[in-house]
There are 2 protein chains.
Amino acid sequence: MSLVKKTPTIQDVARFANVSTATVSRALSSPERVSEQTRARISEAVRVTGYTPNQSARSLRQKTARTILVALPDIGNPFFSVILDAVEREAAARGYGVLVANRFSGGDSGVRMRDYFMSNRVDGLLLFDGSVDLEQLMMLTGEPTPFPLIVVCEEIPNAPFHTVKTDNSYAAEQATRHLIELGHRRIGHIRGPDGNVLTGEREAGFRRAMQAAGLEARPEWMLPGAFDMDSGVVAAQHFVRLEARPTAIFAANDESAIGFISGLRQHGLDCPGDVSVVGFDDLALAAHVWPPLTTMRQPRAALGRIAAGALIDVIEGERHSRVPMHMVLSSELIVRGSTARPPALVAPLATPPALAAR
Amino acid sequence: MSLVKKTPTIQDVARFANVSTATVSRALSSPERVSEQTRARISEAVRVTGYTPNQSARSLRQKTARTILVALPDIGNPFFSVILDAVEREAAARGYGVLVANRFSGGDSGVRMRDYFMSNRVDGLLLFDGSVDLEQLMMLTGEPTPFPLIVVCEEIPNAPFHTVKTDNSYAAEQATRHLIELGHRRIGHIRGPDGNVLTGEREAGFRRAMQAAGLEARPEWMLPGAFDMDSGVVAAQHFVRLEARPTAIFAANDESAIGFISGLRQHGLDCPGDVSVVGFDDLALAAHVWPPLTTMRQPRAALGRIAAGALIDVIEGERHSRVPMHMVLSSELIVRGSTARPPALVAPLATPPALAAR
DNA sequence: GAAATCTCTGCAATCGATTGCATGAGTTTC
DNA sequence: GAAACTCATGCAATCGATTGCAGAGATTTC
């Protein structure tokens, strides 16, 4: 009769089934504690009334939100969105909702994070942001981490957090070694954004491979970048202005590699004819750009799945280890068309003077 | 002294400031109703105790979650992830959290949606999934939509929902007209997945443009697709086997266009030399693939922002119009390198027989 | 056959914030 | 100077589900 029919509560179900709310609650959460008859009556009552438990009330009582917070630097970036996809699926499979916080780095990120937790909206945090201020975070979390947290894609030495990451530094080393094995000696690097942990690890791997081969990582060949296509285009502009150019570039991620190749083309240079390029991540499009990109495949889906699973384990107390866990997943070199032998080796007798080392 | 220090509640603040919890609550939500002195004492108490309101308790009392649910077919798809980015920002700016539900289409989607709402976890829904069963949804929602809902990217004629969309059909017409204006007469189309509303609208626009120009949309030139790169590659395989090939293709989205171009190349065909290709969406990478893709730019960020804003308006009762609103944003043709005049027109006298129409 | 145990169910407190109503002090009005 | 009003605050009910405790009846144990 009323204009707005209220959503049914556990009271309505109890009344309909002629039992107390306590019994209804038990019938739904631990059916074995309720007699078969009663259980059947309650099921029927639930069906008829169309009852769904009120999550707010449940959260309030149980101090549990069945929700995790995923903090990302940029959802629009396909690298993260694929991971988010996997996270969402794992969480959904275990009955958790996923709340996303985008552009989490920046001044108030620590405060916002703290608010999310203290407000009991989420039970745990998956932190993907390499630029977030972890010092600040640690201060907020206090000594023994008071809330379940897993840092993904980053590793802060000695930080009391669980982490899941890929073997960035080793993978960068592999990528660089691939170029060296092709015969390249003059190799440059497009860096990631300053202050990002990944930037450091990938650069370190690059330097290690160079050093191991007795090659020099020239400062002017370390081009600035920012993990996006535009910065790759800009890097290409720097590149063509170099007096002595490298014959190969290891880019810190696929997007900057693709931007770089596109920029090369604008200046009449060919990849891999003039310059070999290796990327990092293996985005879906890496196989479809021209030339198809040689890159290190990061196990992104696995990363998301494992991180989400581990976080929920922590939340549910199945991993109560005081000592932080560090999980490392390994990457894989995918050789495609963007890398080849250096020009000098292809036609050693015809090396044009312009390309010869000064 | 205790091992685990409890999170402070409004009681703690009240005790510290020597007032009732009612006053604390009012000081925080409507400060003008509390005297300046008291307000200062309360602020101090909040600061000292480190109090943050418990969202579950607030939700329970106010029947409001300050959270919206975003249902997407595929977060991993950059098309959606950019929109999600905009949605998240708009929502955050207005104090709402964003819960994501991925792969929402499929058997239980209606039920899952209903559960989300009835459980009071979310206040409204942004539905992006063209494949979700809207009939089922309508049944669940009942006559006057009982929960705030905005359907994005889709339009169901006569459905009692607010919608935000781009002018798909008109944009497809424009894209096709661009090919016609370049001189193409034999034009094919890579379709989207069956059952998706967008597929139908884009195909309709294509047919309208063809008809208006007096051209035939041949059945064997309507290639199946699925909005992803792989289906574009497959479409290219179909394409090369055609007896009489089109000189231009309008692909239903950028990903299938890029996959198609990549597939062409594997068969030794050049774009735009042999075939011009127009995409749809203007993904970030469209400008960076080779050749740079001519495409219809969809105002994705605006779409997300406007949809989220409208949804929150509805939630907060600022738009109580019974009659559903339909907002349409317009797309823009971005001409790049993947379209050119047809081969026959470039060198009309030298048309190789193989390329001539049979 | 009394005691102990087990099974099923209900009572009522509890989670933490919000809000309608009431109250008392201070202020304005005529 | 009494009535009417305003302002700041407190009291206590309320939102809806969960759960410790207790009791009634049935069953097992010795």
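Among the residues of region B:69-94, how many are more than 9 Å from every other protein chain (Cβ to nearest Cβ), small (Gly, Ala, Ser) and under 15 Å from the mean Cα position of the chain (by Cα)?
1
Go through (1) facing another protein chain (nearest Cβ under 8 Å); (2) of a type in the set (D, E, K, R); (3) more than 24 Å from A:Arg89 (Cα to Cα) one by one and return the number of the condition B:Glu44 breaks.
Every condition holds for B:Glu44 apart from (1).
Could you give every pair whose Cβ atoms fall below 6 Å, whose first residue belongs to region A:200-218 and is closer than 20 Å to A:Gly279 by Cβ, and whose second residue is part of a loop (DSSP other than H, G, I, E, B) and among the small types (Gly, Ala, Ser), counting only separations of at least 6 or pairs across chains?
A:Arg202/A:Ala252; A:Arg207/A:Ala217; A:Met210/A:Ala217
Looking only at region B:254-282, filter to residues that are open to solvent by less than 10 Å² (accessible area, probe 1.4 Å) and out of contact with any Ser or Thr (no Cβ under 8 Å at 6 or more places or on another chain); which one of those is farthest from B:Pro78 (Cα to Cα)?
So, considering only residues that are open to solvent by less than 10 Å² (accessible area, probe 1.4 Å) and out of contact with any Ser or Thr (no Cβ under 8 Å at 6 or more places or on another chain), the one farthest from B:Pro78 (Cα to Cα) is B:Leu264.
Checking the conditions here, which among A:Arg66, A:Arg33 is within 14 Å of chain B (Cβ to nearest Cβ), within 43 Å of the chain's Cα centre (by Cα), of a type in the set (D, E, K, R) and more than 8 Å from DNA strand D (Cβ to nearest atom)?
The unique qualifying residue is A:Arg66.
Have a look at A:Ser20, A:Ser59, A:Ser30 and point out the one that is within 16 Å of DNA strand C (Cβ to nearest atom), farther than 30 Å from A:Gly279 by Cα, hydroxyl-bearing (Ser, Thr, Tyr) and open to solvent by 50 Å² or more (accessible area, probe 1.4 Å).
Of the residues listed, the single one that is within 16 Å of DNA strand C (Cβ to nearest atom), farther than 30 Å from A:Gly279 by Cα, hydroxyl-bearing (Ser, Thr, Tyr) and open to solvent by 50 Å² or more (accessible area, probe 1.4 Å) is A:Ser20.
Within region A:33-56, can you find the residues that are without any contact (Cβ under 8 Å) to a residue 40 or more places away in the chain, open to solvent by less than 50 Å² (accessible area, probe 1.4 Å) and more than 8 Å from DNA strand C (Cβ to nearest atom)?
Listed by number, the residues that qualify are A:Ile42, A:Ala45, A:Val46, A:Gln55, A:Ser56.
Looking only at region B:283-296, how many residues end up being more than 8 Å from chain A (Cβ to nearest Cβ) and surrounded by 24 or more Cβ atoms within 10 Å (Cβ to Cβ)?
The qualifying residues number 5.
So, in region B:171-192, of the ones that are of a type in the set (D, E, K, R) and farther than 16 Å from B:Pro272 by Cα, which residue ends up nearest to the chain's Cα centre (by Cα)?
Step one: list which residues in region B:171-192 are of a type in the set (D, E, K, R), which gives B:173, B:177, B:181, B:185-186, B:191.
Remaining after also requiring farther than 16 Å from B:Pro272 by Cα: B:173, B:177, B:191.
Values: B:Glu173: 20, B:Arg177: 25, B:Arg191: 18 Å.
Checking each candidate, the answer is B:Arg191.
Out of everything in region B:336-350 that is open to solvent by less than 90 Å² (accessible area, probe 1.4 Å) and in a loop (DSSP other than H, G, I, E, B), what residue ends up being modelled with the lowest pLDDT?
B:Ala347
Would a scan of region B:15-23 turn up a residue that is part of a helix (DSSP H, G or I) and within 14 Å of chain A (Cβ to nearest Cβ)?
no
So which residues in region B:45-78 are in contact with a helix residue (DSSP H, G or I) (Cβ under 7 Å, 6 or more places away or on another chain) and assigned to a helix (DSSP H, G or I)?
Hits for region B:45-78 are B:Ala45, B:Val46, B:Val48, B:Thr49, B:Ser56, B:Ala57, B:Ser59, B:Leu60, B:Pro78.
The values are calculated or read from the model by the stated rules, or taken from the named source; none is laboratory data. Note that this is a predicted model, so its numbers are computed, not measured. Note that each Cβ is placed from the backbone with ideal geometry, even for glycine, and that neighbours are counted across all protein chains shown. For accessibility, only protein heavy atoms count, side chains too; no ligands or nucleic acids. Shrake-Rupley method; radii C 1.70, N 1.55, O 1.52, S 1.80 Å.
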